[in-house]
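The values are calculated or read from the model by the stated rules, or taken from the named source; none is laboratory data. In this text the structure is predicted, and so the values were computed from the model without any measurement. For neighbour counting, all protein chains shown are included, and Cβ atoms are generated from backbone atoms with ideal geometry for every residue, glycine included.
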Amino acid sequence: MTGCTELHISPLGDQALLLEPGEGFSPDQADDCLVVVQEAMQRTSARWLIFDLTRVVLIDRAYHEWLLRLHRLARLQHAGMLVAGMRPAVAWTLVQMLDEEPPYRSLRDIDEALQFIRGG
């Protein structure tokens, strides 16, 4: 798939996949990226997706919809989804934009996400 070149996917162990959007990532690539993520989940037997928001400086409704679609994909694969590294400005934007709490859990960083997965 060539439409998902800006989403880097890395196995982390603990049955987790790290998803890191590159600078050129756009929610417009969502369909292609969902296919790529699903294939990676099946190939690695992943039970967790960790979406790293560290480099994301702005989030809009389209980006949030992408995260919701990714969360639904995880649930369909009997997996969980965490986001890590959400900047305060991004969190504030979500608070202003949303009427309800997002279905995914947000943790400070990747290490904290892995600790959560391990039950610590």
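See the values below:
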quantity	calculated
Pair list, Cβ < 8 Å and 6+ apart or interchain, from the stretch 54-75 residues that are more than 18 Å from GLY24 (Cβ to Cβ) to residues that are surrounded by fewer than 14 Cβ atoms within 10 Å (Cβ to Cβ)	ARG61/MET97; HIS64/MET97; HIS64/LEU98; LEU68/PRO103; HIS71/PRO103
Filtered residues of the stretch 43-62 (kept if farther than 13 Å from GLU20 by Cα and buried (at least 20 other Cβ atoms within 10 Å of the Cβ))	ALA46, TRP48, ILE59
Subset tally (residues that are out of contact with any Leu (no Cβ under 7 Å at 6 or more places or on another chain), modelled with pLDDT of 95 or more and either surrounded by 19 or more Cβ atoms within 10 Å (Cβ to Cβ) or hydroxyl-bearing (Ser, Thr, Tyr) (or both)) for the stretch 21-42	0
Enumeration of residues in the stretch 73-100 that are closer than 24 Å to ALA46 by Cβ and either touching a Gly at 6+ places or on another chain (Cβ under 9 Å) or acidic (Asp, Glu) (or both)	ALA74
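For (1) farther than 17 Å from ILE110 by Cα; (2) more than 11 Å from the chain's Cα centre (by Cα), each residue gets a yes or a no:
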residue: LEU49; (1), (2): no, no
residue: GLU65; (1), (2): yes, yes
residue: GLN77; (1), (2): yes, yes
residue: MET81; (1), (2): no, no
residue: ALA91; (1), (2): no, yes
